[in-house]
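S.K.: Sharing a structure below in structure tokens format, with a few things to ask.
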Amino acid sequence: MAALGPPLRTFRCLLRELRSAKGEAGGSYQGTAACQYLKEAFRAHRVTSEKLCRAQHDLHFQAATYLCLLRSVRKHLALHQEYHGSGERSPEEVAGLVGLKLPHQPGGKGWES
């Protein structure tokens with residue numbers, strides 16, 4: 001398993017992803033339920049005087065997993081928008097894409113243009 005890094009960095013990255021997701025729709029991300037939940041959860045699971053705070057490590061792992069999900073969804077949507085097809089193409093268009101021409105027969109027995 002890769003190192004998680006400091007919890008504060010994970011928290012800030014989560015807020016950055018929420019901001020970018022909310023920025024597309026407009027408005028502030030700070031009033032959202034997801035942002036409030038993250039703030040409360042990170043405050044409730046701060047490091048205590050205990051030697052090993054298992055709940056804090058579990059929260060950090062779940063937060064890092066959620067961050068990975070948010071980043072992956074954002075990247076997937078960007079790739080989908082860039083490479084999504086524009087519908088079905090005509091045979092003439094497809095032939096033109098690969099540098100070919102369809103045969104044309106006099107008398108109407110070929111592909112019609």
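S.K.: Write out, first by first residue and then by second, each pair whose Cβ atoms fall under 7 Å of each other, whose residues are 6+ apart or on separate chains, and whose first residue, in the range 1-22, is touching a residue at least 40 places away in the same chain (Cβ under 8 Å) while the second is open to solvent by 50 Å² or more (accessible area, probe 1.4 Å) and of a type in the set (A, V, I, L, M).
M.R.: The qualifying pairs are Thr10/Leu4.
S.K.: In the range 34-61, how many residues are at pLDDT 80 or above and over 17 Å from Arg12 (Cα atoms)? Give the derivation first.
M.R.: Of the residues in the range 34-61, the ones at pLDDT 80 or above are 34-44, 57-61.
Cutting the leftovers down to over 17 Å from Arg12 (Cα atoms) gives us 58.
The total comes to 1.
The values are calculated or read from the model by the stated rules, or taken from the named source; none is laboratory data. All values reported here derive from a predicted model rather than from experimental measurement. Note that each Cβ is placed from the backbone with ideal geometry, even for glycine, and that neighbours are counted across all protein chains shown. The accessibility values were calculated without ligands, DNA or RNA, using every heavy atom of the protein model including side chains. Shrake-Rupley method; radii C 1.70, N 1.55, O 1.52, S 1.80 Å.
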